[in-house]
2 protein chains.
Amino acid sequence: MPLSATTALAREVIVPCSRDTPALTRAESESLLAQIPKWTLSPDGTTLLRSCVLPDFASAYALVERIAALAEAADHHPDIAFGWGYVRLKLQTHSIGGLHRNDFIMAARIETLPH
Amino acid sequence: MPLSATTALAREVIVPCSRDTPALTRAESESLLAQIPKWTLSPDGTTLLRSCVLPDFASAYALVERIAALAEAADHHPDIAFGWGYVRLKLQTHSIGGLHRNDFIMAARIETLPH
């Protein structure tokens, strides 16, 4: 069975990235966004955004737990906001002040979690 | 040994609260704030705010875990934002669109956690 585009992206390797690495252009980001259709770009194009609606606090926290474990395993950490019934995520490679392919890989891995 | 003001507040009971319960006035909130000096009021006076600086993602998440457990036990849930090196908290009684003594009790309980 062929992999979905999201799963294929999720399986890519997150590579070390120096401050000199150029951030993706908006066109490159928009093209990668097709593989993670539930994510959007921030208006300035520097950040990936995702909102999840959940039935209560416990479900939101259960999702946060899984995302935190993924983040630690990959050593690539989203900014996470959550509370009763929601989780909101931001991904950016802070050292380059913008988006790297690593951010899209993390986003795709988050999509592979049950939620 | 006498209890600190924060610990005394943390030991109070969180009571059920209906939509008719009036929110605290700004003067009442400012007076209670003396018992949780690391918290501030939002400019509109409807929300308690707290920022914590931590050494990394794992420490931030460890604090979030403890806060989430407290919140579920009390059935009173903050809005939590966290990432690498920080946790930011907001407390409000959403059903009354402002602050209730319960929010100050939750804030005091969070202060009793190790962090």
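The values are calculated or read from the model by the stated rules, or taken from the named source; none is laboratory data. In this text the structure is predicted, and so the values were computed from the model without any measurement. Note that we place each Cβ from the backbone using ideal geometry, even for glycine, and neighbour counts take in every protein chain shown. These accessible areas exclude ligands, DNA and RNA; they are computed on the full protein's heavy atoms, side chains included. Shrake-Rupley method; radii C 1.70, N 1.55, O 1.52, S 1.80 Å.
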Chain B, relative contact order in percent, only Cα pairs under 8 angstrom and at least six apart counted: 37 percent
Hits in the range A:88-115: amide N under 14 Å from the 7 Å Cα→Cβ extension of A:Ser51, namely A:88-90
Once the label point is set 7 Å along the Cα-to-beta-carbon vector, what list of distances in nm do you get between A:Asp75 and its counterparts in the other copies? 4.5
Give the angle, between 0 and 90 degrees and rounded to the nearest 10, that separates the Cα long axis of helix B:101-111 from the longest principal axis of the Cα atoms of chain B. 20 degrees
Have a look at the range A:71-92 and report residues whose accessible surface goes down by 50 Å² or more when the remaining protein chains are included, against the chain on its own, probe 1.4 Å, ligands and DNA/RNA excluded. A:His77, A:Ile80, A:Phe82
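How big is the B/A interface in buried accessible area, both sides summed, 1.4 Å probe, to the nearest 100 Å²? Before the final figure, lay out the partial values.
On the way: alone 6430 and 6450 Å², together 11570 Å².
Chain pair B/A: roughly 1300 Å² of buried accessible area.
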What a careful reader reports for the chain B Cβ nearest the rotation axis onto chain A, distance rounded to whole angstrom, is B:Ala81, 2
How much accessible area does B:Asp75 have with a 1.4 Å probe, in Å² rounded to the nearest 10? 110 Å²
At 1.4 Å probe size, with the rest of the protein present, what percent of the exposed accessible area of the protein assembly as shown is carbon and sulfur atoms? 57 percent
Sketch the reach of a paramagnetic label on A:Ser4 as a point 7 Å from Cα along Cα-to-Cβ, and name the residues of the range A:98-113 whose backbone nitrogen lies under 17 Å away. A:104-113
In deg cm²/dmol, rounded to the nearest 500, the helical mean residue ellipticity at 222 nm of chain A, built from -39500 (n - 2.57) for every DSSP H run of length 4 or more, is -11000 deg cm²/dmol
Pull up the cross-link candidates among the lysines for A:Lys38, meaning alpha carbon to alpha carbon under 17 Å and not fewer than 8 places away within one chain. A:Lys90
